[in-house]
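**Q** The structure is given below, and queries will be raised subsequently.
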Amino acid sequence: MTPRAALDLGLAELRLALPDAARAQLMDYVTLLEKWNRTYNLTGVDDPLRMVSHHLLDSLVVLPHLPMSRDASSLADAGSGAGLPGIPLAVARPEWRVVLVEASEKKTAFLRQAALELGLRNVDIHQGRVEEWRPAQRFAIVISRAFAELARFIATCRHLIVPGGVLAAMKGVLPSAELARVPPGCDCGQVIALKTPLVDAARHLVLCRVGD
């Protein structure tokens, strides 16, 4: 199976109708990621077919479950790394404002180049530690798959969401122990089991609403 065929198959399984131009952008992203990864080790996945399944589809699988309107809204990807899940989400939802937050200089350089080459006018990049960042505008959703511990994700990113906003943590197996350590005033009761096409592993999305 070719990477493009895998993408088309996965999108069909997810029932995500993306135009051909967006699909081409996603494949251009994979090509760019594969090229940079040879030198900068941006991701442990180096096969283009696995990049489609474990990066593109594994990012897009959350899209139907994010409580954001299709109209203009805002999302921050905390600890974005190589742009995951932020870049696939930005391609799929060009009407959203997406900010990729990353501390690593080499990864930030890749993110800037990717946004430029892919023509992602709805994407901004902030280099720095997310806990020290004080943006002029807060976000409807802050999402991440970078944090190993749910409580640390909440403590680090809660200042970035608007009142009524959501922290969205992408996890593997059901994080029962982490949920038990959620700090007071946080409602993380919405835990969604995900099925990523072509990925034979558990995936969960934890949505947390945090009091002021």
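The values are calculated or read from the model by the stated rules, or taken from the named source; none is laboratory data. Predicted model, so just to flag it, every value in this text is computed and none were measured. Heads up, the Cβs are rebuilt from the backbone with ideal geometry, glycines too, and the neighbour counts pull from every protein chain shown. Accessible surface is based on the protein model in full, side chains and every heavy atom, while ligands, DNA and RNA are left aside. Shrake-Rupley method; radii C 1.70, N 1.55, O 1.52, S 1.80 Å.
**Q** Looking at residue 17, is it surrounded by fewer than 21 Cβ atoms within 10 Å (Cβ to Cβ), of a type in the set (Gly, Ala, Ser) and touching a Pro at 6+ places or on another chain (Cβ under 9 Å)?
**A** Details: surrounded by fewer than 21 Cβ atoms within 10 Å (Cβ to Cβ): yes; of a type in the set (Gly, Ala, Ser): yes; touching a Pro at 6+ places or on another chain (Cβ under 9 Å): no.
Criteria not met by residue 17.
**Q** Return yes when residue 43 is surrounded by 18 or more Cβ atoms within 10 Å (Cβ to Cβ), free of Cβ contacts under 8 Å to residues at least 60 places away in the same chain and either over 19 Å from the mean Cα position of the chain (by Cα) or farther than 16 Å from residue 92 by Cβ (or both) and no when it is not. Step through it out loud before you land on a result.
**A** Numbers: surrounded by 18 or more Cβ atoms within 10 Å (Cβ to Cβ): yes; free of Cβ contacts under 8 Å to residues at least 60 places away in the same chain: yes; either over 19 Å from the mean Cα position of the chain (by Cα) or farther than 16 Å from residue 92 by Cβ (or both): yes.
Yes; evaluated as a whole, the condition is true for this residue.
**Q** Report yes if residue 168 is open to solvent by 10 Å² or more (accessible area, probe 1.4 Å) and among the aliphatic types (A, V, I, L, M), otherwise no. Lay out the reasoning, then the answer.
**A** Working: open to solvent by 10 Å² or more (accessible area, probe 1.4 Å): no; among the aliphatic types (A, V, I, L, M): yes.
When the stated conditions are applied, residue 168 does not pass them.
**Q** Report every pair of residues separated by at least 6 positions or lying on different chains whose Cβ atoms are under 8 Å apart, first residue within the range 118-144 and free of Cβ contacts under 8 Å to residues at least 60 places away in the same chain and of a type in the set (Val, Ile, Thr), second open to solvent by 30 Å² or more (accessible area, probe 1.4 Å) and part of a strand (DSSP E or B).
**A** The qualifying pairs do not exist here.
**Q** Would you mind finding the one in 142, 210 that is of a type in the set (A, V, I, L, M, F, W, C), in contact with a helix residue (DSSP H, G or I) (Cβ under 9 Å, 6 or more places away or on another chain), at pLDDT below 95 and within 19 Å of residue 78 (Cβ to Cβ)? Walk me through it before giving the result.
**A** Working: 142 fails: at pLDDT below 95.
Result of the check over 142, 210: 210.
**Q** Within the range 177-189, does at least one residue satisfy the condition of being at pLDDT below 95, open to solvent by 50 Å² or more (accessible area, probe 1.4 Å) and under 17 Å from residue 86 (Cα atoms)?
**A** Scanning the range 177-189 turns up no residue that is at pLDDT below 95, open to solvent by 50 Å² or more (accessible area, probe 1.4 Å) and under 17 Å from residue 86 (Cα atoms).
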